[in-house]
Structure formats: structure tokens, C-alpha cells
Number of protein chains: 2
Amino acid sequence: VGVSEFFLVLVAILVAAKLLGEVAERVGQPAVLGELVAGVILGASLLGVVDPEQEIVHLLAELGVVILLFEIGLETDLKKLMAVGSSAASVAVVGVVLPFALGYAVAWALGLDTIASLVAGAAMTATSVGITARVLSDLGRLHDPEGQVVLGAAVIDDVLGLIVLAVIARVVAGGEVGLGDVAGSTAAAFGFLGVAIILGRLLVPGLFALLARVGRGRALAVMGLSLALLAALAAELAGSALIIGAFAAGVVLQPTPQAHAVQAGIVRLGHLFVPIFFVAVGAAVDVRAFADPRVLALGLALLVAGILGKLAAGYAPWWFRGRKLVVGVAMVPRGEVGLIFAQMGLAAGAVGAGEYSALLLMVMGTTFFTPPVLRMLLKDGPPPTEGPAGVAEMVSEI
Amino acid sequence: VGVSEFFLVLVAILVAAKLLGEVAERVGQPAVLGELVAGVILGASLLGVVDPEQEIVHLLAELGVVILLFEIGLETDLKKLMAVGSSAASVAVVGVVLPFALGYAVAWALGLDTIASLVAGAAMTATSVGITARVLSDLGRLHDPEGQVVLGAAVIDDVLGLIVLAVIARVVAGGEVGLGDVAGSTAAAFGFLGVAIILGRLLVPGLFALLARVGRGRALAVMGLSLALLAALAAELAGSALIIGAFAAGVVLQPTPQAHAVQAGIVRLGHLFVPIFFVAVGAAVDVRAFADPRVLALGLALLVAGILGKLAAGYAPWWFRGRKLVVGVAMVPRGEVGLIFAQMGLAAGAVGAGEYSALLLMVMGTTFFTPPVLRMLLKDGPPPTEGPAGVAEMVSEI
């Protein structure tokens, strides 16, 4: 890719994302919906301007989702999150088990073989933290009790989804899976989050106080971003996901006196990089595959199963006093992890091109389902809960 | 390049640049000097962490220099620049002709053939706008009369350098060059700047007033960046350089009421991207080539010729009342265009590996020469001239 082509693609992404984001808000929808539509339009199946598998687009999109989760972490009060921990955990577990079972059953009933049905079920497990957090943030609902449960559950089920991914990858490759392997993956994934937050809370405040003194308050945002990138790498090495590490870095920095300065810079970087991620997600959609009625039928059946499974998960914490339907709806969007399952299955020959497109339809449909429905549900609810001062407005500016 | 490697390289660039930038300032030097040293250390000949020819590094570095020139343009008052136009033009012309003649003579005297000597002379013509503007900005001297002459001259001689490039490229390729070709290239390159500024002043204020109204003041920085990228592309299509287009975009936006909002966002983006450019420039240096005494001798001779040529150019506008030595010293750094000449000569076989390294030594030496000398000269001078409110501090934060 030459410099000229890179600049052209970047301008196309930024202008389309901001324009359609504005249009979405004008019709009462979150801006992220407009950015996803911008991606579909710019993607391979329509205009062909943005190829999400092109190295530069892929790398900048990953940087975008890391910055987004770092921002969300910087806004997350760990105490508030722990207070809803049991609710979040139950939503996460039910929201992984139920969609997996439903997805497997639907796929098998529609004639897929066992392995393909397993891949289909697995692709339906993990809520997209990025999309869900962005939708809640666009609607100013990240700090509501429901928002906190959803955020916690989405982080937990992303970790669960990665465990499912590790197991299914072995099954698809024809290997044996013991209970010990599953227990090991689980411990590694959750262990990272715990160790990262405990270690981070011990070391990071001192480090950033030193950086602020040495640099006279400058370069803090760039240092915060470096921390987030390193934490993302550590998470991946520990068998967790990049975005979990970035989120942990934000959570660790949140109570420090430097958090506000870091955030002010990071939000500006987010204006540039976060839309690249959502446009890339949209650009991965191939709208032409749905011309085949069998693909369309399978995709729609999986979509319905995917929505119902997560809606039911919202009702799992029967003791939670918030609006359970809001939690369920907010858990619906699938994203990166679902796409990874679909691609893995396609690459290994476990699913064919038609089933792959049906899985994409499910992922895409869940992503487009939540923003308007959530917006409708929240219109008549109580007023939004305020977050840390000055922050809600900054993030809604993205 | 995988995501993990990209994140690692990015962290290495950012941390090393900010750390050595801070060290440079502690010892009384501009931060950019530390960033260049960070690049040399991270580059292929020492640690091997940063490869400036890797696609992602190259593209982000180009984005960095475009953002830098856009920032500089946003701070440039066209009227003030026009007021020193004749001084700037004379510095530029003498600063292209004299180093070309001196470089050719030195190379020829040291035994290079005619074509290699032409390449050597050509590589010495263009001052690096990016490095020079950054040094002046680090020292708070961008708005001094001397700073304005240097900025204008550096923009003009970059255009002249590109014309020389077009001519030399044909000579190296063995083609004929007529006076008409040279006149055509010249008209195209200067024509772009004039047309862009006139057209831009007509269209851009209305467009940005509309964008500010429609988007309620949001997304202005991203729209400003998009304008800069499009102007950069237009400049390249017109036979000029990317950075000239980005500079023109900034100059056009500068008098609009939206300039400040654009600038606030762009400066933040600059914190991230501009160091990538300077680290990439430093990383291109192969320190091992200087083990050969003949390479070292040629390089040092070209370096002395390169410094003397630009110093003399500072005295060309005899009517200019500022400090001519300051202008001359500030014109010394060569950068991108010099490196392009060296690479073109190497690729075409016009210069060998040894001569190539000598040219790199000249480029590198001029870049390291200016910051400390300029800092020394300015220490006892009059106090710096203030720029537009609040802007000098923001840029010095980079």
C-alpha cells in the first residue's frame, strides 16, 4: 500500500464515519450504528474502498478497539463494578451457555453436521465489549446500574468466549479435549485479569506520579497509551484477549490523579482511531451472500436464537433490581470473537461458504439490533446516572 | 506484521522518543534531537527494533509529517509570511544553488564521476521543513522574523528541491532534459501552492462554518485532518510534495473561527504521530557504514559544504534586518528530500553503497548540527515573538 492509497482510505473512513454517525444521531440512533453502516457501504461487497484484511486497516482498527476499551476502563470505577459482580457473572455464564446450546440446536436442526453446529454455537457466545460499551456510552447509560452489569458481564463473557474458542479450535483440529485443559484455560484467562489489576494497582500509581513529575505533566496521554498497549500484549501472552488487557490498564489508572490528563488526550486519539474499528467491522460484511435463500434462512434462525439467548441471560440475576430487559438487550451484540469463530471454522473447512455467510448475518444482525431497541427502551426510563465529572460529554463527542 | 509486533514497535517508538526528548530538553536541547537519537538507537544498525521501510512504520511516519506541517500551517499567518516573501525567496534560491554547486565540486574533487556528483549536489539542496519548523517551535522562535523567513524559505526550497529531483531523475535515467521541462515542473509546483491557497480561501471557510453548524462543533479536528490529507494528495498529483499540501491546508484554515478547535485536536494527534516521523528518520541511519575512512572523509567533506552553503544563503537578503546567521543556521537541516535523492541514486546504480552512506552522513550531520548551534545563538538574543494565543504552549508540549 502506498502513502496516497493509505491517505485516501483514511479520508474515506473518517468522512463516511463522521457523516453517517451524524445522520444516525439525527434520526435518534447512536452514532456507532452510522459508523457500522459506513463500513458496510465502503466494504468489499459494495464500494470496495475499505478492505478490513489489508494490513494497515487491520492494525489501525486493532489500535482503535484497544483505545476504546482503554477509555472505557478509564471510566470504570472498580468498586461500582464489583458491587454488581455476582449479577454480571450470572448474566455472563447464562449468556454463554444458552446461546451456545440454542445455536448448536438450530444449526443441527437445519442439517449442519456436528462440528459445523459446534462452530455455529460457539460463534454465538461472546458479547462484543467494544460495540456494547460504545452503544451505552452514546446513550449516556454507561454508569447506570444496568450499564455496569452489562459492562462487567461483557468483559467476563469475552474471557469465557476465548476459553470456548481454545476448546473448539482443538475439536475442529480433531484433537482430544480433557476437563483439565478447560480448567487450565479458564484459570489462565481469569487469572490474568486479577493479577493485572492487583499488580497494576501496586505499581502504576507510583509510576505515573513519577512520570508526571519528571515530564512536568506532559506526554501523560502517550504514556497511558503505551501502558494500555503493553497490558494488551501481556493479556494476549497470558491467553486472554488484547482488549481485556487494555480495559485492565484503564481500570488501574482510573483512581490516579493523572487519569484525567490521560483521558483528555486518549479521547482525542479515540476520535480518530475508534471509527476505523467500527468501519472495519462493517466492511467485513459481504451483502451478496444473502441472495441464497438457504443461507438467509439459516442466518435468520441463528439471529433469532442469538437474540433470545442473550435476552434470557438478562433475567439470570433474579436478585438484581434494575431493568433486566435492558441488560438482556444490551448483551445482544456479537462482534470480533464471533467473527473469529466464523473465520476459524471456514479456514479449517469445518463450515462452508454458505454457513460462514449465515454466521456473519447473525453477528451483523445482533449488532444492528441493539442500538434502536435499547434507545427505545431507555427513552421512558429514569434519567441517566452521571459518570466521573466531565467525562461523559467527552466520550459522547467521539 | 502482526498486531503484537505493531504494538511493541509503537510502544518502543513512543517511550524512547518521549524519554530521550525529555533528556534532550534537560541538557538544553530541543526535544526533536532526542527523538532523532531515539531513532538511531532503535534503528537497524543498533537495536533493530524499528525498520523505517516497514509498511506500517513508513505510513504512520508519513501521516506524522503531514500532521506536523498541517500544525505549522495552522500557526502561519499568511500576511506575516508574505511580508518576508522576498527575503525568504532569496534565501531559498541561494540555498539551493550554492549547496548544489559546492556538493558537486566536492564530490567531483574526491573522485566521483559526473552523474554521482550531480546526485550528491542535488541531495544537498532542500532544507527539511519538518525538522526546521520543529526546532524553531521547540525553541519558541517560529514567530520571530527570522523564523518566518526560514519557514517561507524552507517551503520554497522544498518545491525547488522537487524540481531538481525531477530533472536529476531524468539525467540519471539517461534521458535528455530541455529548458521547457524545467520551466514546466517549476510552474506546476509553484502553481499548486498558489491555486490551493486561493481556492482554499474561497471554499474552506464556508465549508468549515457549515461543518461546525451541522456537527455542533464536533469532529472538527477529524475534518481538518481529512482536509490536510486531501490537500497532501492533491499536491502530490500536481507534482509537488505531500507536506506542501498539508501546509497549504493549515494556512487556509488558519484565519477561520474553527481554526482553534481544529488545532486543539490536531496537536493531540501530533503528540502520537510526529515522534514516529522523527524516530523513522533517525532509524534510517546505518552507523556501521562509517567504519570505512573514505566514506567518512567524503561524508564529512559534503557535510561541511552543506553547512557552509546554507549559512551563506542566510546572508542573501542583504535588506533583511533580522539576524542573518540565525536564518542561515536554521536552514541547514536536510531530511526527507535529501534521503530520497540518495535512495534514488543508489537504486539507479548512479552512486555506490559507500557514496550512499556518505550522503546519509551529510543529511544526518546537518540535522544534528542545527539544534544545539541555534539554541546557543538564540540564548543571548531578544525574547521570542508570541504567536496566536495559546498555541505556542500547545506545540511546545509535543
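A few notes on this one:
- Among the candidates B:Gly2, B:Gly85, B:Gly73, B:Gly21, the residue that is closer than 29 Å to B:His260 by Cα and within 14 Å of chain A (Cβ to nearest Cβ) is uniquely B:Gly21.
- The residue that is nearest to the other protein chains (Cβ to nearest Cβ), among those in the stretch B:212-251 that are of a type in the set (Val, Ile, Thr) and closer than 15 Å to B:Val66 by Cβ, is B:Val222.
- Subset of the stretch A:296-319 [in contact with a Gly (Cβ under 9 Å, 6 or more places away or on another chain) and under 16 Å from A:Val150 (Cα atoms)]: A:Ile307, A:Gly309, A:Lys310, A:Leu311, A:Ala312, A:Ala313, A:Gly314, A:Tyr315, A:Ala316
- Scanning the stretch B:244-253 for residues that are out of contact with any Phe, Trp or Tyr (no Cβ under 9 Å at 6 or more places or on another chain) and modelled with pLDDT under 90 turns up just one, B:Val251.
- Unique match (being at the interface with chain A (Cβ under 8 Å from one of its Cβ atoms) and either of a type outside the set (A, V, I, L, M) or closer than 14 Å to B:Arg134 by Cβ (or both)) among B:Glu35, B:Glu62: B:Glu62
- Residue in the stretch A:84-91 that is among the small types (Gly, Ala, Ser), farther than 22 Å from A:Gly338 by Cα, in contact (Cβ under 8 Å) with a residue 40 or more places away in the chain and surrounded by fewer than 24 Cβ atoms within 10 Å (Cβ to Cβ) present: yes
- Top-ranked residue in the stretch A:11-23 [being hydrophobic (A, V, I, L, M, F, W, C) and either in contact (Cβ under 8 Å) with a residue 60 or more places away in the chain or touching a strand residue (DSSP E or B) at 6+ places or on another chain (Cβ under 6 Å) (or both); ranked as farthest from B:Ala238 (Cα to Cα)]: A:Ala17
- Residue check for B:Gly39: free of Cβ contacts under 8 Å to residues at least 24 places away in the same chain, over 21 Å from A:Ala235 (Cα atoms) and assigned to a helix (DSSP H, G or I): no
- Filtering the stretch B:184-213 to residues that are surrounded by 13 or more Cβ atoms within 10 Å (Cβ to Cβ) and under 30 Å from A:Glu22 (Cα atoms) leaves B:Ala196, B:Ile197, B:Leu199, B:Gly200, B:Arg201, B:Val204, B:Pro205, B:Leu207, B:Phe208, B:Ala209, B:Leu211, B:Ala212.
- Among (1) over 27 Å from A:Pro372 (Cβ atoms); (2) surrounded by fewer than 24 Cβ atoms within 10 Å (Cβ to Cβ), the one test that A:Val119 misses: (2)
- Residue in the stretch A:323-353 that is modelled with the highest pLDDT, counting only those that are buried (at least 20 other Cβ atoms within 10 Å of the Cβ) and more than 17 Å from the chain's Cα centre (by Cα): A:Val326
The values are calculated or read from the model by the stated rules, or taken from the named source; none is laboratory data. Worth saying up front: this structure is predicted, and the values here are computed from it rather than measured. Note that we place each Cβ from the backbone using ideal geometry, even for glycine, and neighbour counts take in every protein chain shown.
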